[in-house]
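To start, the structure itself, in structure tokens.
The values are calculated or read from the model by the stated rules, or taken from the named source; none is laboratory data. From a predicted model like this one, the values you see are computed outputs, not experimental measurements. Reconstructed Cβ throughout: ideal geometry from the backbone, glycine too, with neighbour counts over all protein chains shown. These accessible areas exclude ligands, DNA and RNA; they are computed on the full protein's heavy atoms, side chains included. Shrake-Rupley method; radii C 1.70, N 1.55, O 1.52, S 1.80 Å.
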Amino acid sequence: MMGLERALIELLLRFVTHDALNAFLRSPQHTASLVGCLIAICGALLGTFLLLRGLSLTSDAISHTVLLGIVLAFMLMTGAGLEGDTSSPWLIVGAAAAGVGTVVLTETLHRSGLVRQDAALGLAFPLLFAIAVILVSRFVDDVHLDDDAVLVGEIGLAWANTNSHCFEHCESLRITPEHPAAQQMRQCVNCRELTISPRDERAEFREVCGNCGVYTPAQAWSAGLLDEAPTLVFFPKSITVMLVLTALTVGFVAVFYKELKLTTFDAALAKSLGFRPAALTYALMILVSLVAVGAFDAVGSILVIAFFIIPPAAAYLLTDRLSGMLLLSPVIGGAGAFFGYDLARGWLFGMLPVAEGIAALNAIFGLQLREAWDSSISASVVLTMFVLFVLVWILSPRYGLVVSAVRRANSRRRFDDQVVLAHIHNHQGTPSHAIELRAATLHQHFRWTPQKMNRVLMRLRALGFVSQEAGSAILTQRGDAHVHAFRKQLLVAHNIPDIDPTQP
Amino acid sequence: MAERRVWAMIAALLALGVLLVPLSQALFGLRLTYTVRVVALGGSLLGALSGAVGCFAVLRRESLLGDALSHAALPGVAVGFLLAGRQLGALLVGAGIASWLGLRLVAAILRTTRIKQDAALGIVLASFFAAGIALLTYIQSLPEASQAGLDSFIFGQAAAIIASDIALLGAVGLAVTLVLALLWKEFKLITFDAEFASAGGLRGGLIDALLSTLIVVTIVLGLQLAGVILMVGMLIAPAIAARQWTHSLEQMVVLAAALGAFAGGSGAVISALDSDIPTGPMIIVVAFALVALSITLAPGRGVLWRQLRQRENRRHFRSRRLETGA
């Protein structure tokens, strides 16, 4: 991991100076946005397949039970006397195992034939989460697995948890008693033994070195032991973790794109062609677990499901192609992560201030709420994604509410037109002509209001399909042709042989 | 036969539940303090209520709706706190409204888009929960108001239950039972054949909304004890366990209520034995143990039963083959 990080920084240092890099990474906003975007990319790519397979809520279950894996691995590690740290590989293994365990438990319950899929999921993850909570409160004390960490994570603090890398003037310093910078101190050898003060005349002394030991370059520089500042880069650990996970996810999707596509849309065909859909599903679930545990520090175990579900759902309303979804949903998720930081600081999309909204609420309802808005970053990211989803839901050019409403109104109008044209066509030239087609009473035959009838007739007249003759509506030549064309179209569409009813 | 068996089971469960307290007093040295009594009573009342209501959620294939709705209640709790301060009534009303809005949003997404139920539930769950968290952080930043206790809605805090909460639970439980009894026929019809129900002239939408409201009310009441994350387990585990024992809705609802009450009460008692065991999660573990028992042992349907029958069949088949072969 460290080597990887170092290689990455070396690459970056070709383009920017180390001061600029440090300044960039030390900004909480930059690091939080970057980590958020990376989580969003992983979540969106994997979530697309979950959504299309109808497994979206499996990510919910997995993100909950990942907690159990983390707790179990943590207990094992403390049992073995190892230092517990949420980026330790053992925790990741535990979390992945827990994720797979959830899927196995759900599948077992479901395959018993006694419990439905959704119920099995609803049974499995509260149980595993409950066990995790019991274990935490029963056996694990003073861990940072507290409520806040589980719920919202600490993406705002991601910049502070860094590995330092040194590139120039990197002598790690060893100060020995002979070193010019060594500070000699006198230490009383027998004071404690005799319980006397160092001023007592019986006290014996020896010379010791107060600051001897090995210094890393960073420590040596801050202790003022170096003449020249070492070139140090402080790289946040979360960025590395998420970069690795992003590379894994993108690689997985790129390598198995064809297989994923096939098993997602036609698992039976995939199986008969010799692929193994189950293996691929488990691989997918392992990746979901890994991302969930990687994101655990940053966004907690509940909000992470938004990264898996909301961007793919929004992309699903924009495109019909799998490749389109895989491109759009990371963009939507990334935008959410980027603008989410602004929302946490009180600006929706950098334009609408939340404070004014609160002020308006205060004015309307006579409340005294504080107007300064400063909120959880991860929750704000999720809210921003939701706002984006709602925007897509309303405005999508393909499936949006607006377009659908317009489309519905159009087809209703077309239907009205056809009904009126067909009515006129049926009665024109028959004995009932005068009764059925009289313009003043035409609306009664459709049980419409006269206003609606007028609107439809006006439209048909403007199209040149209908004209008025002796108080009756009749078809023009164009209208007649239109009716026949429509009839033909219907017959073809429904595969009915064309028989002219007027011929015996 | 099957009828009598289930009723006997319900009676045995209730008797066992009642006996549990003196038993654990004698065996494990349980100290029956006021808190333990209140929590155990609250747990069993809530278990009974959510068990009964959960049957409909499970049978309508909406098991995970409970999960989404309980998460969706959180912003309501926060808004209730902002508007009215720390009054349980305001918090619960807020939770109910938010949860109900979440329900409508799920329905709207399902009606107007091609997104399927699982994703729709996920969207509502995550975004409402995020709104709740955002509001809670905002409340935390307010100088005068400490958000003390609002966290307990997330993980549940059984120890916070007081006698007046029990009265509330009891009253709502009675009301829910009354509604169930009055509209039994309608609920049954809409659960098993919603299309037939609306064809038969039933106001499907209204009954559907009423049934969902019952679920929302149950969830809101359960939040304090079980918390938003575990509430779904409270709702569906007793129902799934009860489903294994019977094919009749009447028996299933009563049995689920009894199982829920048993899980709630005994979970509370077990957690009282050790101060480090939280109540809500313990109730869930007991409820799941009941599910596991039911899935294995239930006559006719259970895993063990099926295996026995399979062996019987095999033996029968073998003997038949010997007969014809001879």
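Structural remarks
- Unit charges on C-beta of K, R, D, E only; dipole of the stretch B:2-325, Debye: 1460 debye
- Here the relative contact order of the stretch A:1-99, from alpha carbon pairs under 8 Å that lie six or more residues apart, stands at 22 percent.
- Think of the stretch B:175-268 as a dipole: +1 on every Lys or Arg Cβ, -1 on every Asp or Glu Cβ, centred on the Cα centre; then among B:PRO238, B:ALA268, B:VAL253, B:ALA268 lies furthest on the positive end.
- Principal-axis tilt of helix A:277-299 within chain A, Cα atoms, nearest 10 degrees: 60 degrees
- When the charge dipole of chain B is built from unit charges on Cβ atoms (+1 for Lys and Arg, -1 for Asp and Glu) and taken about the Cα centre, the candidate among B:ILE161, B:LEU91, B:ALA52 whose Cα reaches farthest toward its positive end is B:ALA52.
- A 1.4 Å probe over all protein chains sorts A:THR449, A:THR102 by accessible area into A:THR449, A:THR102, starting with the largest.
- Relative contact order for the stretch A:402-493, counting Cα pairs under 8 Å that sit 6 or more residues apart, in percent: 28 percent
- Length added when fully stretched, A:ALA203-A:GLU10, from 0.36 nm per residue minus Cα-Cα: 63.9 nm
- Per-residue mean of foreign Cβ neighbours for A:130-139 is 6 (Cβ atoms of other chains, 10 Å radius).
- The count of lysine pairs in the protein assembly as shown with alpha-carbon distances below 30 Å, taking only pairs 8 or more places apart or on different chains, stands at 8.
- Rounded to the nearest 10 degrees, the angle from helix B:117-141 to the longest Cα principal axis of chain B is 30 degrees.
- Of the residues in the stretch A:373-421, those shielded by at least 10 Å² of accessible area once partner protein chains are present, compared with the chain alone at a 1.4 Å probe, are A:TRP373, A:ASP374, A:SER375, A:SER376, A:ALA379, A:VAL382, A:LEU383, A:PHE386, A:PHE389, A:TRP393, A:TYR399, A:LEU401.
- Within chain A, helix-based [θ] at 222 nm, where runs of 4 or more DSSP H residues each add -39,500 (n - 2.57), nearest 500: -20500 deg cm²/dmol
- Using θ = phi - 60° and Karplus 6.51 cos²θ - 1.76 cosθ + 1.60, couplings along the stretch B:245-253 (whole Hz; Gly, Pro as x): 9, 8, 10, 9, 5, 4, 5, 4, 5
- Area hidden from solvent between A and B (accessible, protein heavy atoms only, 1.4 Å, total, Å²): 5300 Å²
- Cα gyration tensor, the stretch A:402-493 - rounded (a/c under 1.5), prolate or oblate: oblate
- The simple spin-label model puts a point 7 Å past each Cα toward its Cβ; for A:ALA223 and A:ASN211 those points are separated by 0.7 nm.
- Taking packing as the residue-averaged number of other Cβ atoms within 10 angstrom, the listed peptides A:199-208, A:410-419 run from highest to lowest as A:410-419, A:199-208.
- From phi via Karplus (6.51, -1.76, 1.60), per-residue ³J(HN,Hα) for the stretch A:373-387 in Hz, x at Gly/Pro: 10, 9, 9, 4, 5, 5, 5, 5, 4, 5, 4, 4, 4, 5, 4
- Of the residues making up the stretch A:317-359, those losing 20 Å² or more of accessible area when the isolated chain is joined by the remaining protein chains, with a 1.4 Å probe, are A:LEU317.
- For chain B, built as a Gaussian network whose Cα springs stay under 10 Å, the top-fluctuating residue of B:THR113, B:THR246, B:THR213: B:THR113
- For the stretch B:67-200, the share of accessible area belonging to carbon and sulfur comes to 68 percent (1.4 Å probe, ligands and nucleic acids excluded).
- The stretch A:189-302, accessible area per residue, ligands and nucleic acids excluded (1.4 Å, Å²): 53 Å²
- Total charge dipole magnitude, the stretch A:11-108, about the Cα centre, Cβ charges on Lys, Arg, Asp, Glu only, Debye to nearest 20: 240 debye
- Seen against the Cα atoms of chain A and their longest principal axis, helix A:89-111 is set at about 40 degrees.
- Between the stretch A:97-142 and the stretch A:406-470, the Cα center-to-center distance that results, in Å: 63 Å
- Cβ-Cβ FRET estimate between A:SER27 and B:THR35, R0 fixed at 56 Å, reported to 0.05: 0.70
- Gyration tensor (alpha-carbon) shape descriptor, chain B, a/c threshold 1.5: oblate
- Shown for the stretch A:286-306: residues covered by the partner protein chains by 50 Å² or more of accessible area relative to the chain by itself (probe radius 1.4 Å), namely A:ILE302.
- Peptide packing: for B:66-76, B:273-283, the average count of neighbouring Cβ atoms within 10 Å per residue gives the ranking B:66-76, B:273-283, highest mean first.
- Its relative contact order, with pairs defined as Cα atoms under 8 Å and 6+ residues apart, puts chain B at 30 percent.
- For the peptides A:333-342, A:63-72, the ranking by mean Cβ contacts within 10 Å, running from highest to lowest, is A:63-72, A:333-342.
- Our helix-only sum for chain B, with -39,500 (n - 2.57) per DSSP H run of n ≥ 4 divided by its residues, gives a mean residue ellipticity at 222 nm of -28000 deg cm²/dmol.
- Dipole magnitude of chain A about its Cα centre (Cβ charges: Lys, Arg +1; Asp, Glu -1), debye to nearest 20: 2940 debye
- 1.4 Å probe accessible area per residue over the stretch A:319-358, in Å²: 47 Å²
- Span from the the stretch B:165-231 Cα centroid across to the the stretch A:1-61 one, whole angstrom: 45 Å
- Other protein chain Cβ atoms within 10 Å, averaged over every residue that makes up B:273-281: 4
- Selection from B:VAL38, A:ASN362, A:LEU34, by position along the positive dipole direction of the protein assembly as shown (Cβ): B:VAL38
- Per residue, the accessible area of the stretch B:216-284 comes to 19 Å², computed with a 1.4 Å probe over protein heavy atoms only.
- Global geometry of the stretch B:55-187, whether rounded, prolate or oblate, following the gyration tensor of its Cα atoms and the 1.5 cut on a/c: oblate
- The stretch A:402-493 - percent of accessible surface contributed by carbon and sulfur, probe 1.4 Å: 57 percent
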